[in-house]
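The values are calculated or read from the model by the stated rules, or taken from the named source; none is laboratory data. If you're wondering where the values come from, they're calculated on a predicted model, not measured in any experiment. So basically every Cβ, Gly included, is an ideal-geometry build from the backbone, and we count neighbours across all protein chains shown.
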Amino acid sequence: MKINEYQLYINGKWTESNNKERFATKNPATGEILATFPKGTKEDTKKAIEVAEEAFPKWKRMPAPKRGEILLRAASIMRDKKDELGQLVTKEMGKVITEGEGDVQEAIDFIEYIAGEGRRLLGETTPSELPNKFCMTIRQPIGTVGCITPWNFPIAIPCWKIGAALISGNTIVFKPAKLTPLCAAKLVEIFEEAGLLPGVLNLVTGSGSIVGQEIVENPRVKAISFTGGVPAGVDIYSKASKLLKSVHLELGGKNPQIIMNDANLDLAIEGVLFGAFGSAGQRCTATSRLIIHKEVYDAVLTKLLDKTKSMKIGNPLDRQIDMGPVADENQEKKILKYIEIGKNEGAKLLIGGKKLRDNFIEPAIFAAKHGMRITKEEIFGPVLSIIKANDYEEAIKIANDVEYGLSSSIYTQDINLAFRAIEDLEAGITYINAPTIGAEIHLPFGGLKNTGNGGREAGTTAIEEFTEIKTVFIDYSGVLQKAQIKEEGGVIIN
Ligand code: NDP
């Protein structure tokens, strides 16, 4: 293998694709080519699925605490390589270096956390309605699972899926986004070094329409874990459901931050800057709507515009920089298109929104009216819509009136209002006096409405998408006992 010329990883070996065509992964800040990868084919994907299926019985039989030891080794290697990996995240997708390192830290935290699940994977025991009978549930792996991931958290999101799938005893075919295959390959190298058995984790690079579709439509893949946009999620769900596969979807967001009239305004403004412009707004939990109580609207606006003006945009490896590039030219095009849509529908562009150079866009703030497209559709870029609300009720109504329901936030000093908002905000995650981003790995993550199909990754719920529950009845009475059925003489209790 030539340096920076990667192959597929199938059955514990870097393997040539049957397609000689390759694609390049680039640094969005500089245009530098970082590496090239094979455009995987359906045949490559079928091969990866086949070996994953063959590896399943052995991996499933390995005691879960032993699987956990391998994961802990992987986390420790990641810790040793944190600087290198953080730089790689920043180079490959453009988030500023502190956030690149944060992406890696999130992965380390999660792998360490989920490794411990190897000593739990808890089932239940419960009394039987019959004498001399024992009832329990156990968790079992599903089989070969497909993990299809986006580019915006190129280390953390794959680790959420891979860690939970592996500890539960599944084998994996992993298809990362075309924009970030190098982070994926480095991750696979780490799991290889940690001692994973061949065939347990397989990497097939290439497009969603070829590799992704084969994973979705191949009946030997028993479950799909997907994070990405709504159109791809809907396509995957509809096709996989025809095969009755279990499908976990983590899709987009249109996350609101509410600032009430009693809020600590400086804190709220600091929060919205991080929430809206962190990772150049390319987070599913990014704050894309700021709903401000009318009494503090002008004060917030003045301070917010002032702070935004002083943001430094540039090379994301430079620690003085506040915001780097967007991920590629398609992202740039989509974001600039939304800025035009905003202007055309009458929203007032208060600041920013200009292209500075390839992939670099100034953070943009619009004074908008609820209902405009920019207040409803996910832009996935550094574009914030500000909306005025007359009171708490109106703020909540606006916050909830979108098709997504991932994250939400309210800034208030009123404890009663804060607790009401926890109940009222239609979202999988609510922050009080903190921005819409910053989830911690030991708590469930996911959302309502078009954000997903009901599951939650991370936390104690992480293993649910990767395990089946088996219910077990052990009858040690020595006689045929029939639950629910009353017979002459009834039940004899010894
Ligand atoms: P996409 O949905 O375009 O792609 C995600 C992954 O799915 C990529 O690996 C892609 O491959 C693949 N893919 C695309 N279409 C299909 C298909 N029809 N069948 C199978 N696989 C497919 O999203 P992006 O990568 O552009 O990520 C951005 C989106 O992800 C945003 O909308 C964002 O909200 C969402 N997201 C949601 C998160 C959450 O937890 N809720 C977290 C992070 C992002 P390829 O790269 O080849 O196109």
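Could you please find all residues in segment 66-82 being over 16 Å from Gly100 (Cα atoms) and either hydroxyl-bearing (Ser, Thr, Tyr) or not in a helix (DSSP H, G or I) (or both)? Show your work before the answer.
The initial filter retains those residues of segment 66-82 that are over 16 Å from Gly100 (Cα atoms), namely 66-77.
Selection gives Ser76 alone.
Would you pick out the residues in segment 159-176 that are more than 15 Å from the ligand (Cβ to nearest atom) and more than 14 Å from the chain's Cα centre (by Cα)? Even if it seems obvious, please write down each step before you answer.
From segment 159-176, those more than 15 Å from the ligand (Cβ to nearest atom) are 163, 165-171; that's our starting set.
Scanning segment 159-176 gives Ala165, Leu166, Ile167, Ser168, Gly169, Asn170, Thr171.
Quick grid of which residues meet (1) within 15 Å of the ligand (Cβ to nearest atom); (2) in contact (Cβ under 8 Å) with a residue 60 or more places away in the chain; (3) of a type in the set (Lys, Arg):
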{"position": "Lys178", "(1), (2), (3)": "yes, yes, yes"}
{"position": "Lys186", "(1), (2), (3)": "no, yes, yes"}
{"position": "Glu193", "(1), (2), (3)": "no, yes, no"}
{"position": "Thr205", "(1), (2), (3)": "yes, yes, no"}
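How many of the residues in segment 232-258 are basic (Lys, Arg), within 10 Å of the ligand (Cβ to nearest atom) and more than 16 Å from Ile429 (Cβ to Cβ)?
If we filter segment 232-258 for residues that are basic (Lys, Arg), which is where we start, we get 239, 242, 245, 254.
Right, trim to within 10 Å of the ligand (Cβ to nearest atom) and you get 239, 254.
If we keep only those that are more than 16 Å from Ile429 (Cβ to Cβ) too, we end up with 239.
Final tally of qualifying residues: 1.
For segment 295-313, how many residues meet the condition of being touching a residue at least 40 places away in the same chain (Cβ under 8 Å) and surrounded by 13 or more Cβ atoms within 10 Å (Cβ to Cβ)?
Here is the first cut: in segment 295-313, the residues touching a residue at least 40 places away in the same chain (Cβ under 8 Å) are 297, 300-301, 304-305, 308-309, 311, 313.
Now drop any that are not surrounded by 13 or more Cβ atoms within 10 Å (Cβ to Cβ), which leaves 297, 300-301, 304-305, 308, 311, 313.
Result for segment 295-313: 8.
Could you please find all residues in segment 334-353 being under 29 Å from the mean Cα position of the chain (by Cα) and either surrounded by fewer than 18 Cβ atoms within 10 Å (Cβ to Cβ) or farther than 25 Å from Asp298 by Cβ (or both)? Even if it seems obvious, please write down each step before you answer.
As a first pass, look at segment 334-353 and keep what is under 29 Å from the mean Cα position of the chain (by Cα): 334-342, 352-353.
Those that are under 29 Å from the mean Cα position of the chain (by Cα) and either surrounded by fewer than 18 Cβ atoms within 10 Å (Cβ to Cβ) or farther than 25 Å from Asp298 by Cβ (or both): Lys334, Ile335, Leu336, Lys337, Tyr338, Glu340, Ile341.
Could you check segment 422-453 and list, in sequence order, the residues that are in contact with a helix residue (DSSP H, G or I) (Cβ under 7 Å, 6 or more places away or on another chain) and of a type in the set (A, V, I, L, M)?
Leu425, Ile432, Ala434, Ile437, Ile441, Leu443
Between Ala164, Ala177, which is more than 30 Å from Ile292 (Cβ to Cβ) and not in a loop (DSSP other than H, G, I, E, B)?
Numbers: Ala177 fails: not in a loop (DSSP other than H, G, I, E, B).
Sole residue among the options that is more than 30 Å from Ile292 (Cβ to Cβ) and not in a loop (DSSP other than H, G, I, E, B): Ala164.
Among the residues of segment 281-317, what is the count of those that are in a helix (DSSP H, G or I) and over 23 Å from the mean Cα position of the chain (by Cα)?
First pass over segment 281-317, keeping only residues in a helix (DSSP H, G or I): 281, 294-309.
Narrowing further to those that are over 23 Å from the mean Cα position of the chain (by Cα): 294-309.
Result for segment 281-317: 16.
Limited to segment 172-187, what total is found for residues that are closer than 18 Å to Gln87 by Cβ and either of a type in the set (A, V, I, L, M) or surrounded by fewer than 24 Cβ atoms within 10 Å (Cβ to Cβ) (or both)?
Residues meeting the conditions: 6.
Table: residues versus (1) modelled with pLDDT under 95; (2) part of a helix (DSSP H, G or I); (3) of a type outside the set (D, E, K, R).
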residue: Asn330; (1), (2), (3): no, yes, yes
residue: Lys334; (1), (2), (3): no, yes, no
residue: Ile341; (1), (2), (3): no, yes, yes
residue: Leu356; (1), (2), (3): no, no, yes
residue: Lys388; (1), (2), (3): no, no, no
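Okay, residues lined up against (1) modelled with pLDDT of 95 or more; (2) part of a strand (DSSP E or B); (3) of a type in the set (D, E, K, R):
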| residue | (1), (2), (3) |
| --- | --- |
| Gln413 | yes, no, no |
| Asn416 | yes, no, no |
| Glu426 | yes, no, yes |
| Ala434 | yes, no, no |
| Gly438 | no, no, no |
| Gly490 | no, no, no |
